[in-house]
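*Asks:* The structure is given below, and queries will be raised subsequently.
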Amino acid sequence: MAKLTFQGATGEVTGSRYLLETDDARILLECGMYQGNSDADEANRAPLAELAESLDAVVLSHGHLDHSGLLPKLVRDGYRGPIYCTPGTEELLEIMLEDAAFVMSKDIEWENKWRRRADKPLLEPVYDIDDVATTLGLCEAVPYGQARKIAGGIGLTFRDAGHILGSAIVDLIVPAGGRDRHLVFSGDLGNADAVLMHEPARPEHADHVLLESTYGDRDHRPMEETVEEFAQVLAEADKSGGNVLIPAFAVGRTQEVLYHLSMLHHAGRLPQQKVFLDSPMAIKVTELYARLRRTLDPEDMDRLHQAANGDPAAYLPGLQVCRTVEESMAINRITGGAIIIAGSGMCNGGRIRHHMKYNLWRREAHLVIVGFQAAGTLGRRLVDGAEKVKLLGDEVAVNAKIHTLGGFSAHAGRSQLLDWARGFQDQPVFHLVHGEPEAREALAAGLRDELGAEARVPAFGETITL
Ligand code: ZN
């Protein structure tokens, strides 16, 4: 018998974790961090020792922290088995997990400062840089399309999910009481219209499909319209004389935004002379994308290369990368005419908060939201029209113009999800994960009504038999 237990990302978009059990093996699919809401920190601190001890292997779809961010915690709590992922994911993990540990150590330092003064018990980090190093040592890279036998005789194949560098659809053949059960996990499915990534692969066979549902209730605007809207926002910002702030997701979105800025520049439609990439992590990831550019969509890369007359140094001449805090702080003196791309993507931390403090109260400033904003995050409050926000201890009025460009999403929209689901020939059962409740329900309804498929919305902790 084979069982699957939903241990996270049920009715929300963070904390992905699913436990696959057969008579011979226990496999953890994802070990994601909880992000955004106020219970996240507590959820991330929950002990994993019992789980860690019981596992034979971990399989990871991609490097985003909501899928991978608690791996070092699992390792800190005792896990020493293999972590299967693609080569691209393995490289990304190094950047992402080291950054996560660094951010955590800074937060803890800050938190413990007041705790010490208040005579409160000090906090331990969820994990540290040594746990990250051990975690990276457990990674076993499996390239796309290569079948691998893992614990319990389970067959694992990764296929390109087209979401971020290295992202995979996880295809598992699970021995279960004398017969094989076929489980496909979509991971995060890419948006076929997005630049740089390939289109998501389309598996045709499965008994059960775990399908993400982030945008299960809506389609994105077409890419050309989104790029056009982006160009208009930049023109408007130029006219008003303010800066343009772009909260950046370090992986994928940043590189995509830079790509569009490059193309706009070469089309003579980028009025801003200076583009600051103010995120050490996004800089590292951008360098990784450049190094692994052969794995990216060749048509998109050709287009950029030709626009720049074959000179990579001319892709985006106004680009300045800011690695140090001093370089970042120097931007504060610029009151207009610049584009500032800084993390974090949902504005919950990182350097973007400093730039917001210096710009959000200015009527001429523009904030461009280019990615999903989870409930409970500062980014979401701004999208929802907050008039004042608290930034680094100060209350700041929101006078800047807020623009939401949904079309840049790295996730498939509703029609793309339904279309991908339609590709399965053997009428699998769909289990919808990784989506807020309305999105998940809406996609389930679509799968039932439009495909006549069986679609379920599993509850947290629920176990199903495959
Ligand atoms: Zn993702």
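The values are calculated or read from the model by the stated rules, or taken from the named source; none is laboratory data. Bear in mind that the values here come from a model prediction, so they are computed numbers and not experimental data. Cβ coordinates were reconstructed from backbone atoms using ideal geometry, including for glycine residues, and neighbour counts include every protein chain displayed. These area figures cover heavy atoms from the full protein model, side chains too; ligands, DNA and RNA do not enter into them. Shrake-Rupley method; radii C 1.70, N 1.55, O 1.52, S 1.80 Å.
*Asks:* Please list, or write none, the aspartates and glutamates whose alpha carbon is within less than 17 Å of the alpha carbon of K284, excluding same-chain residues fewer than 8 places away.
*Replies:* Partners found: E90, E91, E94, E98, D99, E256, E327.
*Asks:* Okay, which of segment 176-220 sit inside 14 Å, backbone N to the point 7 Å along the Cα-Cβ direction of R456?
*Replies:* Hits in segment 176-220 for R456 at 14 Å: 182-184, 207-211.
*Asks:* Also: Per the 1.4 Å probe, what fraction of the accessible area of the chain, in percent, lies on carbon and sulfur atoms?
*Replies:* On the way: 9380 of 19400 Å².
That share works out to 48 percent.
*Asks:* Where a Cα-Cα gap under 30 Å defines reach, which lysines qualify for K239, not counting those fewer than 8 residues away within the same chain?
*Replies:* K274, K357, K388, K390, K401
*Asks:* Can you tell me the order of 100-111, 147-158 when each peptide is scored by its average per-residue count of other Cβ atoms within 10 angstrom, highest first?
*Replies:* In descending order of packing, they fall as 147-158, 100-111.
*Asks:* Using the basic label-point model (7 angstrom from Cα toward the beta carbon), what is the T335 to Q425 distance in nanometres?
*Replies:* Here the answer is 6.7 nm between the modelled labels.
*Asks:* Residue by residue through segment 242-259, what is 3J(HN,Hα) from phi via Karplus (6.51 cos²θ - 1.76 cosθ + 1.60, θ = phi - 60°)? Round to whole Hz and write x for glycine and proline.
*Replies:* Karplus values, whole Hz, x for Gly and Pro: x, 7, 10, 9, 10, x, 10, 7, 4, 10, x, 4, 4, 5, 5, 5, 4, 4.
*Asks:* Once amide H atoms are built 1.01 Å from N in the peptide plane, which residues 5 or more positions from I402, or in another chain, come under 5 Å H to H?
*Replies:* Answer set, sorted by chain and number: L367.
*Asks:* Also, I was wondering about something else. I need to check one value: relative contact order of segment 120-159, counting alpha carbon pairs closer than 8 Å and at least 6 residues apart, in percent.
*Replies:* Across segment 120-159, relative contact order equals 27 percent.
*Asks:* From the backbone phi of segment 171-188, what are the Karplus-calculated ³J(HN,Hα) couplings (6.51 cos²θ - 1.76 cosθ + 1.60, θ = phi - 60°) in whole Hz, Gly and Pro given as x?
*Replies:* Each residue of segment 171-188 in turn: 10, 10, 9, 10, x, 9, x, x, 10, 9, 10, 10, 10, 10, 10, 5, x, 8 Hz.
*Asks:* Using a simple spin-label model with points 7 Å from Cα along the Cα→Cβ vector, what separation in nm is obtained for A397 and R269?
*Replies:* Rounded to a tenth, the inter-label distance reads 3.4 nm.
*Asks:* If you line up the long axis of helix 437-451 against the longest principal axis of the chain, both from Cα atoms, how many degrees apart are they, to the nearest 10?
*Replies:* It works out to around 60 degrees.
*Asks:* Per residue of segment 309-325, what does 6.51 cos²θ - 1.76 cosθ + 1.60 with θ = phi - 60° give for ³J(HN,Hα)? Whole Hz please, x for Gly and Pro, Karplus curve as stated.
*Replies:* 6, x, 10, x, 5, 9, 4, 8, x, x, 6, 10, 9, 10, 8, 8, 5
*Asks:* Just the accessible area per residue of segment 72-125, please: how many Å² with a 1.4 Å probe?
*Replies:* 55
*Asks:* Can you list which of the GluC sites (Glu not before Pro) found in segment 371-462 are DSSP loop residues with at most 14 other C-beta atoms within 10 Å?
*Replies:* E387, E462
*Asks:* Please work out the average accessible area per residue across segment 223-408, using the 1.4 Å probe convention, and give it in Å².
*Replies:* About 45 Å² of surface per residue is accessible.
*Asks:* May I ask for the angle, rounded to the nearest 10°, between helix 280-291 and the longest principal axis of the chain, with both axes built from Cα atoms and the value confined to 0 to 90°?
*Replies:* Long axis of 280-291 versus the principal axis of the chain: about 70 degrees.
*Asks:* If you average the alpha carbon positions of segment 17-38 and of segment 74-141, how far apart do those two centres end up, in angstrom?
*Replies:* Here the two parts' Cα centres lie 17 Å apart.
*Asks:* Which of the lysines could a cross-linker span from K3 if the Cα-Cα distance has to be under 25 Å and same-chain partners fewer than 8 positions apart are dropped?
*Replies:* K73, K149
*Asks:* More than 37 Å apart: what percent of Cα pairs in the chain qualify? Walk me through the numbers on the way to the answer.
*Replies:* Details: 27206 of 108345 pairs.
Summing the P(r) tail past 37 Å for the chain gives 25 percent.
*Asks:* For the pair M223 and D384, how long in nm is the line joining their label points, each one 7 Å along Cα→Cβ?
*Replies:* Between M223 and D384, the simple spin-label model gives 3.2 nm.
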